[in-house]
Amino acid sequence: MTSEVRIPDPLHPERTEEARLRAAAGLAPAPSTGGEYAGFESVGLPDRPPQTEREREVYTLDEGEMLVNIGPQHPSTHGVMRLVAKVRGEVVVDIDPVLGYLHRGIEKLCENATYTTVMTYVDPMDYLSSMHNEHAPAIAFEKLYGVKAPRRAEYIRALVVELNRVFSHGLMMGFQALDMGGLTPILYAFINRDEVVDLLASISGQRMLFNFFRVGGVNFDANDEFFSRLGTWRAGVLKTIEMNERILTDNEIFRGRTIGMGVLSGSEAMALGVTGPSLRASGVPFDVRKAHPYSIYSELEFEVITHTGGDVYARYLQRVAEIKQSIHLIDQIVDKMPHGPVQAQVPGIIRPKPGRAYAAVESPRGLYSVYAISDGGPNPYRFRMRDPSFVSLQAMPKLMPGRLIADTMAVMASFDPVMGGVDK
Amino acid sequence: MDLDLLLGVGRFLLATTLLLLLTVPTAFVVIQMELKVIAQMQLRYGPNRIGPWGMFQSTIHGFKFLAKEDHMPDQADRTTFTLAPWMVYMAAAMSMLVIPWAPGAIAADFNIGIVYFFAIIGLSVVGMLIAGWASYNKYSLLGGLRSAAQMVSYEIPLTLSVVGVVVLGGTLNFREVIEWQLDHGWMLLWQPVGWGIFYIASLAEINRTPFDMVEADSELVAGPFTEYSGMRFGFFFFAEYVALFIMSGIMVALFFGGWLAPWPFPAQLEGFGGTLYGIFWFFLKSYLFVFVAVWLRATLPRVRVDQLMGMAWKVLLPLAMLNLIVTAGVVVWLKL
Amino acid sequence: MADLRRPRPAAKQLGRRRDLSAPAGALVRLLLDRFADLAPTVWTDEDTVEVRIDGERNVEVLARLRDDPELNFFMLADAAAVDYGPTEHFEVVYHLYSDLHPAWLRVRARVDRADPHLPTITGLWEGASFHEREMYDMMGIVFDGSRDLRRIYMSPDYRSFPQRKDFLLPDDAADSPAAGVDPLERPETWDLSRFVEAATSSEAES
């Protein structure tokens, strides 16, 4: 079904095929055989010598090739990032992601903040999954401090992160279409997002950067009004999702552009560190919620969904299936929601005993993990965040050679990167 | 110097002036439709601040273009950079000359109107190509090359699909094609395949979704128009929407009976009332197809450039050839 | 704010236990069996097993962890660097995932701070490349053999390593006793050629 079609390079047909075979055999891409080092002036930067072998390779231009800056200001780079694309006509020969345009040094800031205020810093990282960003540090700090969140707090946490996943995956459907020229799905997706965000605002008090999780619990309890709104939302949630599905899933143009596009095999994806829905779309059933169940996920019934295509279309279908899975999980969580307190007794400034803690959660983009070291002080000695979209971007140079510029956008959108997370 | 010549010159001047003036409201209405219709389809309000139902939004857009700074890249080729918007706009405006609005309301009733139309509408590719080249921008260059590849490819099936109409009607004159349809019913009934090819190819020819490869905002930023601002961009923008209306109008003339009323099928009235009646139906049908184009834009993603070319050469062109051969065969066989 | 230049003693001696009855007990036994020389460094807590190694051994140990069918740590979950202060050492910390064991495996590779070099693991996991670039960018740890070790967040002409503990934030630097240390990047220090020129010209004069 998903036969891979590569566009032959007009001047060097053997080159893309060779690149593909080398990639399949796990070898590094072939060094450029000819061409001249073009330097950085061709992408509008002051010239300097190349720093690495790879950089020399990217900036060496053969006859008929040119470098195109896709970004940092470009309609479809999902934030501020730059892809240096080496193209021959419209065929991409090589691609080099350049990051750092949104780097804020959040890790360093967190190392200089107290444990409780870290939650405010991690929010704007991956701004489409703020709840997940808070979940991992909350778990890590609880391990360090040796406190357990009450069960109701754990349930509310699971509820809000699944709500967050619904709108994040919904937006991915929209962005996937937008980057391929479809204007409407993104607006339907934002209707869905607005509903969820209003819901989350009614429990956390904030609309985008929720700042909801606390060490040892959550900030507010879910009251009856919240549950009544949740019920209303639940009744109509699939409406916009299904509208988008109707526009995209069986659309011949959409299928023609995504099936067989950007095929990533399971082993390649694991070697590259691609996680989350993108990995599961390649057939690897790795989901942190099942692999190392945290919070209350061991008490919920769900199966890890996988798709086998490994292409853009499979990654899209994977997201759609996971939205429905998340809604199913939300139903279960609401059914099982216990009563009780939502916050353990934890002081405002905590000084955990020296120790290390690693906590990983399944964010909408994959494995999001926090590694925190305490030295007994009021702030984490080391606070490390592993952002899934940062790692997933490494697939771009692998997948793009031999494809067209138009496909660059489609493939990048299928990994659903969020630059706030990539650049930390 | 006889009177006929003077009258002819006067008529020509009047007609061209009217047509040039007409491009502006035509574009405004089409743009307004695009804004409002897509908004409704996307569950938005669309423009609703300026005038009733935001009707003057496009007017304000026009003034905004006039007021904006006219920027040109340092290393752009000044002459061609300035010339490009003119060429694209003039291609659209000049092709309005042969549009059959109503009985007796055709600016130039050529007997080779169809040939003239396809010759002129193809000129816009030159404008886009030089816009892409002159801008000194890689995206513009790629967009310009795309426009050349796309338009040249689609011109062939587009023209071939019309040859069936010409063979059936036995004329290259738009008025006579419509009069033929008065006797025989809409050309759509005779040339359904030809219409299908014409519609797809015309969308590609005027860069409408799903074939808006040239502008392709998520890939090429704005294609050949990336470096244009102010009124220069305004000309491209106008030309694009005027071309959308013109293509719909030409399709209506060729396949849907032009100014003929669909009920009673097909019919036209005589005299000045007939002209007004014809204009009414012509605009109604044309805007219906503008609406369909807008609807498509709200619905479909964009095809990829190689799929687009593949479709032109592998599907549409053979189909158009086949359609032409069958039509010609039937015409010869039945001695129509 | 605390004086970050002085190493905090607590950071070195962190409370740990080795509990064979924990869910990860089987993994600990397996590790003790496979890596007898590393036995004293194996520790557990409730969901993590930890091994400490020398920086030079990272490729060898990680390759065995990945390729051993009973260990099967096929996925690199995270790779990060930790700075234990100006007078101490660096650590490169790898977190691994295996579908056979109910625990994360943490491999802590010790790196000399004065000469922070260790082999790249991009041969094992290609996706470690961005992690290593980040460690190089933020901590200044050099991964030998990497094809693409350049800065990833900061601009190429940046000279400092911002996540080292002796790189202070402005509000810390104001009242810290870090006298003599100029941790904050100053634009005028970027272009070293100026100093080189001055040095050579003064030599020429003399």
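The values are calculated or read from the model by the stated rules, or taken from the named source; none is laboratory data. Everything quoted here is computed from the prediction, not taken from an experiment. For neighbour counting, all protein chains shown are included, and Cβ atoms are generated from backbone atoms with ideal geometry for every residue, glycine included.
When the helices (runs of 4 or more DSSP H) confined to the stretch B:110-223 are screened for residues that are of a type in the set (Ser, Thr, Tyr) and within 21 Å of B:Ala92 (Cα to Cα), those reaching at least 3 such residues are found at B:138-169.
Mind listing whichever residues of the stretch A:75-132 are among the aliphatic types (A, V, I, L, M) and under 15 Å from A:Asp407 (Cα atoms)?
Quick first cut of the stretch A:75-132, residues among the aliphatic types (A, V, I, L, M) only: A:80-81, A:83-85, A:87, A:91-93, A:95, A:98-99, A:102, A:106, A:109, A:113, A:118-119, A:122, A:125, A:128, A:131.
Within the stretch A:75-132, A:Leu83, A:Val84, A:Ala85, A:Val87, A:Val91, A:Val92, A:Val93, A:Ile95 qualify.
On inspection, B:Ala320 passes the criterion of being in contact with a helix residue (DSSP H, G or I) (Cβ under 9 Å, 6 or more places away or on another chain), at pLDDT 85 or above, farther than 30 Å from A:Met409 by Cα and surrounded by 19 or more Cβ atoms within 10 Å (Cβ to Cβ). Please verify whether the stretch A:350-365 includes one or more residues that are crowded, with 24+ Cβ neighbours inside 10 Å, within 14 Å of chain C (Cβ to nearest Cβ), farther than 19 Å from C:Leu105 by Cβ and small (Gly, Ala, Ser). Yes; the residues of the stretch A:350-365 include at least one that is crowded, with 24+ Cβ neighbours inside 10 Å, within 14 Å of chain C (Cβ to nearest Cβ), farther than 19 Å from C:Leu105 by Cβ and small (Gly, Ala, Ser).
Restricting the search to the stretch A:38-58, which residues are surrounded by 13 or more Cβ atoms within 10 Å (Cβ to Cβ) and either among the aromatic types (Phe, Trp, Tyr) or in a loop (DSSP other than H, G, I, E, B) (or both)? If you could, list the steps in order and put the result at the bottom.
Keep residues of the stretch A:38-58 that are surrounded by 13 or more Cβ atoms within 10 Å (Cβ to Cβ), which gives A:38-40, A:42-43, A:45, A:50-58.
Matches in the stretch A:38-58: A:Ala38, A:Gly39, A:Phe40, A:Leu45, A:Pro50, A:Gln51, A:Thr52.
Considering only residues that are over 22 Å from C:Tyr84 (Cβ atoms) and assigned to a helix (DSSP H, G or I), look in the stretch C:134-178 and name the one that is modelled with the lowest pLDDT. Checked the stretch C:134-178; the qualifying residue modelled with the lowest pLDDT is C:Ala174. Of the numbered criteria (1) in a helix (DSSP H, G or I); (2) crowded, with 24+ Cβ neighbours inside 10 Å, the one A:Tyr368 fails is (1).
Residue-wise test of (1) in a loop (DSSP other than H, G, I, E, B); (2) in the same structural domain as A:Ala413 (by TED's automatic domain parsing); (3) more than 29 Å from B:Gly143 (Cβ to Cβ); (4) modelled with pLDDT of 80 or more.
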| residue | (1), (2), (3), (4) |
| --- | --- |
| A:Met1 | yes, no, yes, no |
| A:Ile7 | yes, no, no, no |
| A:Thr16 | no, no, no, no |
| A:Arg22 | no, no, yes, no |
| A:Asn69 | no, no, no, yes |
| A:Ala85 | no, no, no, yes |
| A:Met119 | no, yes, yes, yes |
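Within the stretch A:374-424, the set of residues being modelled with pLDDT of 90 or more, part of a strand (DSSP E or B) and among the hydrophobic types (A, V, I, L, M, F, W, C) comprises A:Phe383, A:Met385. Mind listing whichever residues of the stretch A:87-106 are assigned to a loop (DSSP other than H, G, I, E, B) and of a type outside the set (Gly, Ala, Ser)? If the condition is that a residue be assigned to a loop (DSSP other than H, G, I, E, B) and of a type outside the set (Gly, Ala, Ser), then A:Glu90, A:Leu99, A:Tyr101, A:Leu102, A:His103, A:Arg104 are the ones that fit.
List the pairs whose first member sits in the stretch A:67-79 and is more than 10 Å from chain B (Cβ to nearest Cβ), whose second member is charged (D, E, K, R), and whose Cβ atoms are under 6 Å apart, counting only residues at least 6 apart or on separate chains? Cβ pairs passing all conditions: A:Gly71/A:Arg82; A:Pro72/A:Arg82. Examine the stretch B:189-196 for a residue that is without any contact (Cβ under 8 Å) to a residue 60 or more places away in the chain, under 26 Å from B:Thr80 (Cβ atoms) and surrounded by fewer than 24 Cβ atoms within 10 Å (Cβ to Cβ), and state whether such a residue exists. Within the stretch B:189-196, none of the residues are without any contact (Cβ under 8 Å) to a residue 60 or more places away in the chain, under 26 Å from B:Thr80 (Cβ atoms) and surrounded by fewer than 24 Cβ atoms within 10 Å (Cβ to Cβ).
One line per residue, one yes/no per condition, for (1) within 26 Å of B:Ile120 (Cα to Cα); (2) touching a residue at least 24 places away in the same chain (Cβ under 8 Å):
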| position | (1), (2) |
| --- | --- |
| B:Phe245 | yes, yes |
| B:Phe256 | yes, yes |
| B:Trp263 | no, no |
| B:Gly274 | no, yes |
| B:Tyr287 | yes, yes |
| B:Val292 | yes, no |
| B:Arg297 | yes, yes |
| B:Arg302 | no, yes |
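When you check A:Ile333 against the structure, is it assigned to a helix (DSSP H, G or I), away from chain C (no Cβ under 14 Å) and closer than 28 Å to A:Gly420 by Cα, yes or no? No, not satisfied.
For the stretch A:239-323, the helices (runs of 4 or more DSSP H) that sit wholly inside it and include 1 or more residues that are over 29 Å from B:Leu43 (Cβ atoms) and out of contact with any helix residue (DSSP H, G or I) (no Cβ under 9 Å at 6 or more places or on another chain) are A:266-272, A:288-291.
Would you pick out the residues in the stretch B:14-56 that are among the basic types (Lys, Arg) and within 14 Å of chain A (Cβ to nearest Cβ)? If you could, list the steps in order and put the result at the bottom.
Start the filter on the stretch B:14-56 by keeping residues that are among the basic types (Lys, Arg), which leaves B:36, B:44, B:49.
Residue satisfying the conditions is B:Arg44 alone.
Restricted to the stretch A:172-189, and to residues there that are assigned to a helix (DSSP H, G or I), facing chain B (nearest Cβ under 7 Å) and of a type in the set (A, V, I, L, M), the residue that is surrounded by the most Cβ atoms within 10 Å (Cβ to Cβ) is A:Ala177.
Could you please find all residues in the stretch B:296-317 being away from every other protein chain (no Cβ under 14 Å) and surrounded by fewer than 20 Cβ atoms within 10 Å (Cβ to Cβ)? Can you show your working first?
Within the stretch B:296-317, the subset away from every other protein chain (no Cβ under 14 Å) is B:312-313, B:316-317.
Those that are away from every other protein chain (no Cβ under 14 Å) and surrounded by fewer than 20 Cβ atoms within 10 Å (Cβ to Cβ): B:Trp313, B:Leu317.
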